[in-house]
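Trainee: Encoded as structure tokens, here's the structure I'll be asking about.
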Amino acid sequence: MFHDGLDAPGRLAVNCIRRGSWKRNAPWQFDKILHSRLDRHAPDEFFAARAIFVAREPVATIRSIVTLYRTLGRPEYRDHADAARYYIERLDALAGMWHRFAPERRVGITHRSLMAEPDAILAATSGAIGIEPPLKNAYRSHAASRRGGGGDPLVSGSYSRIEAALPVASGTREFLDVPDTLLDLAVERYAKLEALFRSEQTVSARNKWLESV
């Protein structure tokens, strides 16, 4: 859904109602924004929301993008190099968005940390940006999310929660058909965004310590 005007939250609510996922008394309204075009023209009011940034390491992400679009039979991102360019653009967009949210309204997590300690990460995320009640490690996949173009059409229906898993190697670049210079740039952009996340966590931890002494 495009966040391009003040009526965007209303359109999101209507979409949720149509999909049968609207809860009138719910304290939060959530949208997973996957593509830069969806919030490129967001109004200033958009940045008064709370934002959870999530990033995944380059090799695994590039492979996943290509697998997804091939499985869906869609023409976008049919090769690793094209997916790598999209990945780099998306990380750059996220890094730019990061600074537009107030520190107390943003949190950044990596896919690796979320998979390693899902319950702890969800609790920390809730506390960092003031979500009450806290996020629960529970998931219900709506049918609309499992159709092509949905949020996770391949495996979402197989899970009801985030299962903790030991971090695994994302694979080696030798099996990607991507020029080294392009993949090096993807690695650099990911490291830059992860550094923003870590810096925020360090500042938050220091502030909490100062409040306690």
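Trainee: Based on the Cβ-Cβ distance of D31 and L166, what FRET efficiency does E = 1/(1 + (r/R0)^6) give at R0 = 30 Å, to the nearest 0.05? Can you show the working numbers first?
Mentor: Working: r = 31 Å, r/R0 = 1.03.
Between D31 and L166 the formula returns 0.45.
Trainee: Given H placed on each backbone N at 1.01 Å, which residues far from A51 in sequence or on other chains put an amide H within less than 5 Å of it?
Mentor: The answer is R106, V107.
Trainee: Okay, moving on. Solvent-accessible area of R19, probe 1.4 Å, all protein chains present, reported in Å² to the nearest ten, please.
Mentor: Approximately 140 Å² of R19 is accessible to the 1.4 Å probe.
Trainee: What percentage of the solvent-accessible surface of segment 1-95, computed with a 1.4 Å probe over protein heavy atoms, is contributed by carbon and sulfur atoms?
Mentor: Numbers: 3050 of 5700 Å².
That share works out to 54 percent.
Trainee: Only four residue types carry charge here, +1 at the Cβ of Lys and Arg and -1 at the Cβ of Asp and Glu. Report the dipole size of segment 44-139 about the Cα centre in Debye, rounded to the nearest 20.
Mentor: Values: 13 positive and 12 negative charges, 53 e Å.
Here the size comes out at about 260 debye.
Trainee: With a 1.4 Å probe and all protein chains kept in place, how much accessible area does E45 have, in Å² rounded to the nearest 10?
Mentor: About 110 Å², rounded to the nearest 10.
Trainee: Another question, then. I need the phi-derived Karplus couplings for segment 16-31: 6.51 cos²θ - 1.76 cosθ + 1.60, θ = phi - 60°, integer Hz, Gly and Pro marked x.
Mentor: Values per residue, Gly and Pro as x: 5, 5, 4, 8, x, 10, 8, 10, 4, 8, 5, x, 9, 10, 10, 9 Hz.
Trainee: Cα centroids of segment 13-41 and segment 57-120: how far apart, whole angstrom?
Mentor: Each part reduced to its Cα centre gives a spacing of 19 Å.
Trainee: What are the ³J(HN,Hα) couplings of segment 55-71, residue after residue, when phi is run through the Karplus curve with 6.51, -1.76, 1.60 and θ = phi - 60°? Round to Hz, x for glycine and proline.
Mentor: 9, 10, 4, x, 4, 5, 5, 4, 4, 5, 4, 5, 4, 4, 6, 5, 5
Trainee: Over the Cα atoms of segment 1-151, what is the Rg over Rh ratio if Rh follows Kirkwood? Kindly include the intermediate steps, with their values, before the conclusion.
Mentor: Working: Rg = 16.2 Å, Rh = 17.2 Å.
That ratio is 0.95, to two decimals.
Trainee: Heads up, I need the accessible area for R70: 1.4 angstrom probe, whole protein in place, Å², nearest 10.
Mentor: 130
Trainee: Any idea of the accessible area per residue across segment 1-158, 1.4 Å probe, to the nearest Å²? Display every interim value, and only then the final one.
Mentor: Working: 9170 Å² over 158 residues.
For segment 1-158, the per-residue accessible area is 58 Å².
The values are calculated or read from the model by the stated rules, or taken from the named source; none is laboratory data. Keep in mind that what you see is a predicted model, and the values were worked out from it rather than measured. Note: ideal-geometry Cβ built from the backbone for every residue, glycine included; neighbour counts use all protein chains shown. We work out accessible area using only protein heavy atoms, side chains counted, and drop any ligands, DNA or RNA first. Shrake-Rupley method; radii C 1.70, N 1.55, O 1.52, S 1.80 Å.
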